[in-house]
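For reference, the structure is listed below as structure tokens.
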Amino acid sequence: MFNEPRVCIVGPSVDTNYFGGVATHIKNLRSLSCFRDAVVIDPGSRNSNLKKNILKIIKNIIELRSNVIIGKFSHVLVNTSIYPSALIKLFMILAFLPAREGMEIYVFFHGGRFQSLNPIFKNILKLLLFPLMAKVKKLLFLSRVQMEGFCNLFSNCQAGLYANYSTTDEIMEKKLEPVDNILKMLFVGRVVKEKGVYEMLSAVEKIALERGSVRLIIVGDGPDLAELINMNKKIPKNTVNFMGYLTGIELEDAYKKADVLILPTYHPEGFPYVIIEAMRAGLPIISTSEGALETLVLDGVTGFKILPKDVDSIVTAVSKINDNRVLLEEMSQKCHRYFQDNLSRSAAEKYYSELIFVSH
């Protein structure tokens, strides 16, 4: 047994310029006081913006075993996506990690769906991973749909849900704007069809022509941006504002000036960080039930659910908020509260302290 918890996090290094949710997750973990002494070991990836050669990845995984043994870690947190190459890498990592008394292995799944995998690959995966599951203390998922897809393959494993978190406890206070009756809606994300951006713009056009009481701010870039700008020519002037890609204070200002976040995605989401920032800013959320949105967005509490690819569903949800500003304020306060209780830095410290250190 180990005298004190020593944690090894397997995933993208915090010292390199990785993009994506897994890299952000690990950077956020390393910012927590409970992980201040944790060691990050990066085997590399074929799918990241910093692609590694497959032979180099295999070499790194073999070295991972030695590093874990030498480091005498009590806990190993393995991070993976749910895509074929990432799952093959997970198999190799689990195969090489030692099974030692007192050492607990946790696997954190990020983007993707087991339901989307090729059936033949799923059967091969089950054959490969099943004998290795005995090494794993617990498997953790960002959404119920991910967990259900896994449990259909491995029914006897210990599985649960985890969340993405903010790096702060501070809520964003709304910026005082001139008083008007215009509902200010915000979209933040990659401007691609699967995010529901065309349906979003069509809904805004319909509301603007009928009532003229909404504004939409679009923050982000992507392959469908030019077509969206072209569509906007049919919409009343000054209804939609394209801000491009924003970061830092400029992005925070966009949240502070908005009333509502809209995310009509039908992309297989995990746990979008944009939702964390929206709740931190007290923005009720109009979204589909993709991924973790299923549990984060509660009708009339933290926002309203909409159907994917359904313009009228968006119009109805926006109207419910636009017609009841008292409800908007109540939901805003509940979003702030939800952030503080479940998505803040303090919530992260509590979750990981209980998961890792209390069990130790």
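The values are calculated or read from the model by the stated rules, or taken from the named source; none is laboratory data. Because the structure is predicted, anything quoted here is derived from the model rather than measured. So basically every Cβ, Gly included, is an ideal-geometry build from the backbone, and we count neighbours across all protein chains shown.
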Worksheet item: Residue check: is S155 part of a loop (DSSP other than H, G, I, E, B) and surrounded by fewer than 18 Cβ atoms within 10 Å (Cβ to Cβ)?
Response: yes
Item to complete: Looking for whichever is farther than 22 Å from F19 by Cβ, assigned to a helix (DSSP H, G or I) and either in contact (Cβ under 8 Å) with a residue 12 or more places away in the chain or in the same structural domain as Q333 (by TED's automatic domain parsing) (or both) here; the options are E252, E277, E294. Which one fits?
Response: E294
Item to complete: Give the residues of the range 17-60 that are farther than 29 Å from G102 by Cα, assigned to a helix (DSSP H, G or I) and either touching a Gly at 6+ places or on another chain (Cβ under 8 Å) or not assigned by TED's automatic domain parsing to the domain that holds A95 (or both), sorted by residue number.
Response: G21, K56
Discussion item. Going residue by residue through the range 134-142, is there one that turns out to be on the phi < 0 side of the Ramachandran plot, out of contact with any strand residue (DSSP E or B) (no Cβ under 7 Å at 6 or more places or on another chain) and either polar (S, T, N, Q) or part of a helix (DSSP H, G or I) (or both)?
Written reply: yes
Worksheet item: Somewhere in the range 201-208, is a residue within 26 Å of H110 (Cβ to Cβ) and assigned by TED's automatic domain parsing to the domain that holds E329?
Response: no
Worksheet entry | Selection from the range 168-214 of residues that are more than 28 Å from H336 (Cα to Cα) and either of a type in the set (F, W, Y) or not in a helix (DSSP H, G or I) (or both) | V192, Y198, R211, G212
Discussion item. Between S332, S313, S319, which is under 20 Å from E269 (Cα atoms) and not assigned by TED's automatic domain parsing to the domain that holds G111?
Written reply: S313
Worksheet item: In the range 170-177, is there at least one residue being touching a residue at least 24 places away in the same chain (Cβ under 8 Å), surrounded by 19 or more Cβ atoms within 10 Å (Cβ to Cβ) and within 26 Å of Q333 (Cβ to Cβ)?
Response: yes
Item to complete: Sort through E101, E63 and tell me the only one that's acidic (D, E), closer than 19 Å to S45 by Cα and assigned by TED's automatic domain parsing to the domain that holds F141.
Response: E63
